[in-house]
1. Got a number for residues in the range 132-161 being of a type in the set (Val, Ile, Thr) and under 19 Å from Leu404 (Cβ atoms)?
2. Within the range 107-136, restricting attention to residues that are under 24 Å from His215 (Cα atoms) and polar (S, T, N, Q), which residue is surrounded by the most Cβ atoms within 10 Å (Cβ to Cβ)?
3. Looking only at the range 150-161, filter to residues that are in contact with a helix residue (DSSP H, G or I) (Cβ under 9 Å, 6 or more places away or on another chain) and not acidic (Asp, Glu); which one of those is surrounded by the fewest Cβ atoms within 10 Å (Cβ to Cβ)?
4. Can you name the residue in the range 231-251 that is acidic (Asp, Glu) and either touching a His at 6+ places or on another chain (Cβ under 8 Å) or touching a residue at least 12 places away in the same chain (Cβ under 8 Å) (or both) and is also surrounded by the most Cβ atoms within 10 Å (Cβ to Cβ) among such residues?
5. Within the range 264-294, how many residues turn out to be farther than 26 Å from Leu398 by Cβ and out of contact with any helix residue (DSSP H, G or I) (no Cβ under 9 Å at 6 or more places or on another chain)?
6. Quickly run through the range 82-106 and pick out the residues that are in contact (Cβ under 8 Å) with a residue 40 or more places away in the chain, crowded, with 23+ Cβ neighbours inside 10 Å and either acidic (Asp, Glu) or outside any loop (DSSP other than H, G, I, E, B) (or both).
7. Given the conditions (1) farther than 30 Å from Ile243 by Cα; (2) crowded, with 17+ Cβ neighbours inside 10 Å; (3) touching a strand residue (DSSP E or B) at 6+ places or on another chain (Cβ under 8 Å), which single one is not true for Ser367?
8. Has the range 401-420 got any residue that is touching a residue at least 12 places away in the same chain (Cβ under 8 Å), assigned to a helix (DSSP H, G or I), under 30 Å from Gln336 (Cβ atoms) and not hydroxyl-bearing (Ser, Thr, Tyr)?
Amino acid sequence: MLHRWLALLIVVLTMTPDKSMAAKPMLVIQGGMKFDPVNRKMEPVQAILIQDGKIAAIGTAEKPLMIPEGAKLIHASDKFLVPGLIDAHVHLVHRLNFAHITGDEVLACYLASGVTSVRSTGDEIVAQTGVARFAEAHADRSPRVFTASYLIDSNPPIHHDIGYPITDPAKVPALLDEMAAWKVTTLKIYAGSGRPIGRKVIDEGHRLGFFVTGHLGAYRAQDAVEDGIDCLEHITSVFDFAIPPEIARIPNHRTSVDLANPQAQALIALLAKRKVMVDPTLIVFKNMLLLSDMEEIQNHPDNAPMPERLRTYWDAYQRQQGLAPSTRARRQKEFQKYQELTGQLHKAGVTLLVGTDAPEPYCPPGSSLHQEMELMVESGIKPADVLQAATIHNARALKAQDLLGSIEVGKLADLVVLSADPTIDIRNTRKITAVIKGGKVCDPQALLKLVPRK
């Protein structure tokens with residue numbers, strides 16, 4: 001009799017709802033088309049249940065989801081749902097410091113543009129950690145922030161404010177232990193570092209579980225790839241090593257190089273074979289090459305929401321460049337070569353990321369990611385493939401693909417609700433009706449009001 005009573009009690013307990021779970025607020029997105037970044041297709045959903053910051057369930061026409069009583073509803077029958085966008089290349093301190101801006105002041109710009117996570121790619125360690133902690137404490141107005149090491153460079157470093165000079169490979173382990181203590185996720189090898197330092201950073205970095213990337217110069221791309229680097233930052237980290245020596249001696253060779261040359265094709269094939277990611281950051285090169293004589297860059301509507309201090313710094317930088325109008329055609333051709341190489345990398349099966357180098361001049365935090373995606377489409381990449389890069393590929397670079405990058409049960413509820421299909425026209429990623437981060441609905445216009453005007 002006692003055994004029967006215990007068995008009945010167990011059944012009752014397992015059937016009784018967990019009141020603590022029931023009390024948690026729930027959000028339901030009803031209807032819409034959901035982007036699958038793995039298959040690169042839109043697929044219909046009946047409903048998405050979000051609870052406790054995560055995606056709890058997804059209903060389909062075949063297996064509909066019952067809408068829980070009391071859940072907050074978002075009606076999205078005519079909308080398109082994409083995973084929260086990720087900017088794979090930002091700086092939280094560098095450049096902003098020249099404009100007397102702290103990173104926390106522009107975090108809302110990212111979220112307003114549907115960028116729910118950002119990857120720092122080299123910065124001053126204490127200051128960027130402070131920005132990351134601000135983002136965590138103010139999650140309703142900030143993207144998720146993944147921090148990086150200093151720029152690991154030669155002596156003297158190219159950037160004195162964020163570079164870390166190191167010339168003895170034996171000293172690399174101590175530096176990486178320090179970076180681990182600061183809980184960074186990415187190590188950045190910079191242009192002055194040669195192969196001995198680069199290889200040691202890669203070997204020790206992987207031993208400690210870091211993602212290792214590089215903006216290359218003294219360290220040949222071919223050598224870095226053979227040594228096991230995870231990613232190359234900027235299209236120039238490929239382009240500069242795709243030019244044979246005999247061509248490099250020709251004046252203006254960057255505009256005339258044939259990217260079908262054996263050295264370029266061998267490097268592209270090696271990147272694909274070794275599964276090394278490439279983050280082209282086309283927008284920063286377009287701006288740097290053409291900012292002096294293209295008013296559409298200086299006066300782009302995306303610049304308007306930025307603090308006046310940042311825009312003033314950008315304009316001063318532009319005036320100091322002194323790029324001659326007579327060289328404009330050559331500079332345009334050089335940028336076209338960068339786009340051509342980006343298209344070739346994608347065609348060869350190299351995994352591309354989507355990053356911006358914000359807040360470099362005229363790369364506004366948040367909205368420049370949309371500009372970058374547009375430039376990648378111009379490079380011959382389909383919109384769905386670019387969306388895949390901006391979501392699941394970028395999540396993999398963060399080693400966060402189990403939590404970010406796609407709309408799946410168990411993942412963090414980071415989504416962007418769009419009024420038009422971005423797989424048809426990538427510019428539709430700008431048509432945002434709502435941003436959802438960690439299950440909280442954010443209004444883009446309200447977020448932009450948090451950004452200082454001055």
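1. Pass one, the range 132-161, residues of a type in the set (Val, Ile, Thr): 145, 147, 152, 158.
This time we only want the ones that are under 19 Å from Leu404 (Cβ atoms), so: 145, 147.
Of the residues in the range 132-161, 2 are of a type in the set (Val, Ile, Thr) and under 19 Å from Leu404 (Cβ atoms).
2. Start the filter on the range 107-136 by keeping residues that are under 24 Å from His215 (Cα atoms), which leaves 110, 115, 117-129, 131-132.
Right, trim to polar (S, T, N, Q) and you get 117, 120-121, 128-129.
Numbers: Ser117: 28, Ser120: 27, Thr121: 31, Gln128: 26, Thr129: 19.
Looking at residues that are under 24 Å from His215 (Cα atoms) and polar (S, T, N, Q), I get Thr121.
3. Among those residues, the one meeting the criterion is Ser154.
4. We begin by selecting, within the range 231-251, every residue acidic (Asp, Glu); these are 233, 240, 246.
Now restrict to residues that are either touching a His at 6+ places or on another chain (Cβ under 8 Å) or touching a residue at least 12 places away in the same chain (Cβ under 8 Å) (or both): 233, 240.
Details: Glu233: 27, Asp240: 16.
Across the range 231-251, the extreme among qualifying residues is Glu233.
5. Matching residues across the range 264-294 total 1.
6. Val82, Pro83, Leu85, Ile86, Asp87, Ala88, His89, Val90, Leu96, Val106
7. So Ser367 meets the others, but not (3).
8. Taking the range 401-420 first, the residues touching a residue at least 12 places away in the same chain (Cβ under 8 Å) are 404-420.
When the remaining residues are screened for being assigned to a helix (DSSP H, G or I), the result is none.
No, the range 401-420 contains no residue that is touching a residue at least 12 places away in the same chain (Cβ under 8 Å), assigned to a helix (DSSP H, G or I), under 30 Å from Gln336 (Cβ atoms) and not hydroxyl-bearing (Ser, Thr, Tyr).
Every number in this text was worked out from the coordinates using simple rules, so none of it is lab data. The structure presented is a predicted model; accordingly, all values stated were derived computationally and were not measured. In this analysis, Cβ positions are derived from the backbone assuming ideal geometry, glycine residues included, and neighbour counts consider all displayed protein chains.
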